[in-house]
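Down below is the structure, laid out as C-alpha cells.
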C-alpha cells in the first residue's frame, strides 16, 4: 500500500505570483512530469478512493512549505486527466483500471 499521507515534493520557486499558473502549466506539460502524474497520482488517488478519503495532499511546494490538496469532489477530474495520458499511450489496461475507479466515486 502506498503511503498517500506523504505528498510528492516539488522544488519550485516563484518570484511573482502571476507566474505561478504559467510555470505550473509548463512543468505539468513535460514528459517527465506526465510520467510522474501517471504513476504516482493514479496510485495515490486509487488509495484515497479505496480509503474513502475526503481530501488528499498531492504535492508539497518545498520552498513555501505548502501542500497542494484536492478534495474528494476533485478526484474525478484528476482521474480523467490521468486517463487521457494513458489513452495517448494506448495503455488500455490502465484505462480500464481508471474507469473502474471512476465508477466507485
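Being under 30 Å from residue 15 (Cβ atoms), without any contact (Cβ under 8 Å) to a residue 12 or more places away in the chain and not in a loop (DSSP other than H, G, I, E, B): is that true of residue 81 here?
Taking the combined requirement at face value, the residue does not satisfy it.
Taking the range 1-46, which residues are in contact with a strand residue (DSSP E or B) (Cβ under 6 Å, 6 or more places away or on another chain), within 22 Å of residue 80 (Cα to Cα) and modelled with pLDDT under 80?
Matches in the range 1-46: 8 only.
Provide a single number: the residues in the range 84-95 that are under 14 Å from residue 43 (Cα atoms) and free of Cβ contacts under 8 Å to residues at least 40 places away in the same chain.
The qualifying residues number 1.
Of (1) surrounded by fewer than 17 Cβ atoms within 10 Å (Cβ to Cβ); (2) part of a helix (DSSP H, G or I); (3) touching a helix residue (DSSP H, G or I) at 6+ places or on another chain (Cβ under 9 Å); (4) at pLDDT 90 or above, residue 52 satisfies all except one. Which?
That leaves (2) as the condition not met.
The values are calculated or read from the model by the stated rules, or taken from the named source; none is laboratory data. Only a predicted model underlies this, so the values are computations on that prediction, with no experimental measurement involved. Heads up, the Cβs are rebuilt from the backbone with ideal geometry, glycines too, and the neighbour counts pull from every protein chain shown.
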